[in-house]
Amino acid sequence: MSAKIGVVLSGCGVFDGSEITEAVSVLIAIDQLGAQAICMAPNIDQMHTIDHLHGRPMPDKRNVLTESARIARGKIRDIAQIRQTDLDALVFPGGFGAAKNLSDFAIKGPECHIEPNVARLAREMHQVGKPIGLACIAPVLAAKLFHATVTIGNDPATASAIEKMGGHHVNRGETDIYIDKVHRIVSTPCYMYDSTPARVFEGARKMVEAVIQLSLSEKKE
């Protein structure tokens, strides 16, 4: 039976939601590796909406679940309805939505709060040893929730914030991953570097593959 990998989306678009290339890379990698993606997002308003052409705020309100459904082709669930028993692993693509909608890290930095249902599901997974993968800026969530060791590449300001939250940061290259074996958490930088779609996919696939391998080892134990 194929592994069920939860994919937590945060909207649609790098500046106010999920980074689309990262999200699609995760979904393709899950499919290539013979697993099943279960897409989900919180049913909440976005922090704001950004005009991605001009890089400025727009007046309209958008819903994170509704916008995330664009990436998931409509096959998406409210994260409030998901429990750890539904999944073998959990993966977070990056994009500013992870820091604006799944948390308020973009505003509060180390003093941030995690969206309640995101925090609940992540903690449920962590408590039973089910692995979690995170890309780009999303590893800050694992630093805040679990004081995990993660990588977001080599950005000094974000690395400092991770340390202030009680986590630990290690520098890694744009297609590299870091596996925190204690917390069973895998992270990769993706677009924290000025990368390319192909190299983003390479890092995302490595992360997904490591997460799946960890989920299989958990089942054997």
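Quick note: the coordinates plus some simple rules give every number you see, no bench work behind them. None of these values were measured; they are calculated from a predicted model. We place every Cβ from the backbone using ideal geometry, glycine too, and count neighbours over all the protein chains shown.
General remarks:
- Using the Karplus relation 6.51 cos²θ - 1.76 cosθ + 1.60 with θ = phi - 60°, the per-residue 3J(HN,Hα) values for region 35-40 come to 9, 10, 8, 10, 7, 8 Hz, with x marking Gly and Pro.
- Karplus-derived HN-Hα couplings along region 57-70 (A = 6.51, B = -1.76, C = 1.60, θ = phi - 60°), whole Hz, x at Gly and Pro: x, 10, x, 6, 8, 9, 9, 4, 5, 5, 5, 5, 4, 4
- Gyration tensor (alpha-carbon) shape descriptor, the chain, a/c threshold 1.5: rounded
- Derived scalar couplings ³J(HN,Hα) [region 166-178; Karplus, 6.51 cos²θ - 1.76 cosθ + 1.60; whole Hz; x for Gly, Pro]: x, x, 9, 10, 10, 6, 9, x, 5, 10, 8, 10, 10
- Applying a DSSP loop filter and a limit of 13 other Cβ atoms within 10 Å to the trypsin sites (Lys or Arg not before Pro) in region 65-154 leaves Arg73, Lys75, Arg83.
- Amide proton proximity set for Thr49, modelled H, under 5 Å, gap of 5+: Met58
- Comparing Ile30, Ile107, Ile162 in a Gaussian network model of the chain where C-alpha atoms under 10 Å apart are linked, the largest mean-square fluctuation is found at Ile107.
- Under 18 Å from the Cα of Lys75 - lysines, other chains or at least 8 residues apart: Lys4
- Taking a straight line from the alpha carbon of Lys108, these aspartates and glutamates sit under 20 Å away, with near neighbours fewer than eight places off in the same chain left out: Asp16, Asp45, Asp155, Glu163.
- By the Cβ rule of 4.7 Å, the chain holds the following cysteines without a possible disulfide partner: Cys12, Cys39, Cys112.
- Taking region 4-220 and dividing mean pair separation by its residue count, relative contact order in percent (alpha carbons under 8 Å, at least six apart): 21
- Lysines whose Cα lies under 19 Å from that of Lys61, excluding same-chain neighbours fewer than 8 positions away: Lys100
- Set of region 6-22 residues, backbone N closer than 14 Å to the point 7 Å along the Cα-Cβ line of Asn63: 11
- Placed amide H near Gly133: partners under 5 Å, 5+ positions off or other chain: Leu90, Val91, Phe92, Val186
- Amide H contacts for Thr149 (H built 1.01 Å from N in the peptide plane; partners 5 or more residues away or on another chain; cut-off under 5 Å): His168.
- Per-residue extension of 0.36 nm, minus the Cα-Cα distance of Arg73 and Ile107, leaves a gain of 9.2 nm for this segment.
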